[in-house]
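Novice: Below: one structure in structure tokens.
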Amino acid sequence: MAGVQDGDPSEEEAKSLDAFMSKWASKQKKGVKAPGKKRSRIDAEVFREEKAVRTLQNFTRYTQKRIFFKRYYKEHLYRTRVVKELLQTEDSYINVLDAVVNNFVEPLRENNLLTEIQIVSLFSNIDVISRVNTTMRNDLAGRISEWNIKQIIGDIFLLMTDFFRVYMSYVNNYDHAVKVLKQLRAENEEFSNFCTTSMKKVKGHQMDLLESLLITPVQRIPRYEMLLKDLVKHTWPSHPDHPSLVLALSKIQATAQYINAKVTEAKNREKIVEIQGRVVNKSTFDFFDASRRFIKEGILKQYSSESKKKHKVY
């Protein structure tokens with residue numbers, strides 16, 4: 001395939017197969033000026049041979065480009081669909097982040113409806129996440145506006161993956177935020193009415209609850225991982241975007257694994273605390289320990305010749 005790679009079309013030629021065909025056909029029409037009548041028969045033969053060689057060279061180059069086009073243009077079209085989906089979903093995602101910041105976080109601070117501790121418990125660092133993703137979205141939009149078969153976006157993700165650490169604090173706080181939200185709704189009628197009114201201002205979510213907005217950052221990193229996998233799959237190894245995409249995917253996967261592990265740990269701790277609460281005043285044994293993990297719970301049936309007992313075990 002070395003010959004095919006050497007014959008890679010320019011960005012303009014790669015836009016359509018018609019460009020290749022018309023260009024080659026145009027060259028054939030121009031031809032080479034025939035020798036004059038005074039030229040010898042040997043000169044005429046040399047001319048014909050040279051013309052045949054040029055025709056063969058032109059056809060070979062065209063064939064190489066056509067092979068490239070046939071093999072990779074479908075992949076290019078697929079990459080185009082993926083990056084368009086990426087930008088479209090990123091726009092929707094940032095709209096949700098901005099809606100939370102503009103309709104909830106800032107008004108709650110201005111109206112002193114909640115304390116700063118309660119606001120942070122509910123929304124964590126969602127304003128920081130909004131700024132990070134807005135920067136990435138603008139960079140992506142700039143590249144996609146000049147999209148062609150050799151355009152790259154992997155370097156943008158490679159740079160932004162270091163900033164995706166801000167998601168970890170948010171994800172670790174998410175379960176706590178849902179509990180605080182439920183508690184505040186039950187205890188603070190003014191806050192409950194505020195949430196209902198503010199949700200009506202969020203386009204596309206007027207009938208939803210605030211929980212549907214709070215979960216979006218938790219779901220975004222796995223979405224990036226899925227889209228990058230798709231891009232890597234349809235980006236051929238000789239493409240300039242391939243190395244950056246592969247490395248960016250590796251970093252995204254590491255971040256996703258870390259976030260998932262932290263979420264699992266948080267749920268594990270909450271479960272152990274819940275179990276401790278169930279046996280309070282029944283045992284002096286401290287269940288909550290850094291090395292302790294919840295594995296399973298269930299009903300243990302104890303049979304004897306005289307009775308049958310059921311026990312809740314962990």
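Novice: The conditions are (1) closer than 23 Å to residue 194 by Cα; (2) open to solvent by 20 Å² or more (accessible area, probe 1.4 Å); (3) hydrophobic (A, V, I, L, M, F, W, C); (4) touching a residue at least 12 places away in the same chain (Cβ under 8 Å), and residue 114 fails exactly one of them. Which is it?
Specialist: So residue 114 meets the others, but not (2).
Novice: What about residue 34, is it open to solvent by less than 30 Å² (accessible area, probe 1.4 Å) and modelled with pLDDT under 65?
Specialist: On the way: open to solvent by less than 30 Å² (accessible area, probe 1.4 Å): no; modelled with pLDDT under 65: yes.
Criteria not met by residue 34.
Novice: Right, here's the next one. Scan the stretch 77-94 for residues that are under 11 Å from residue 133 (Cα atoms) and either hydroxyl-bearing (Ser, Thr, Tyr) or outside any helix (DSSP H, G or I) (or both) and jot them down.
Specialist: Within the stretch 77-94, just 93 meets the criteria.
Condition check ((1) farther than 18 Å from residue 130 by Cβ; (2) assigned to a loop (DSSP other than H, G, I, E, B)) across all residues:
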residue	(1), (2)
171	no, no
175	yes, no
178	yes, no
193	yes, no
198	no, no
202	no, yes
209	yes, yes
212	no, no
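The values are calculated or read from the model by the stated rules, or taken from the named source; none is laboratory data. Everything numeric here is computed off the predicted structure, so don't read it as measured data. Using ideal geometry, Cβ is built from the backbone for each residue, glycine included, and neighbour counts are taken over all protein chains shown. Just so you know, the surface numbers come from the protein's heavy atoms only, side chains and all, with ligands and any DNA or RNA stripped out. Shrake-Rupley method; radii C 1.70, N 1.55, O 1.52, S 1.80 Å.
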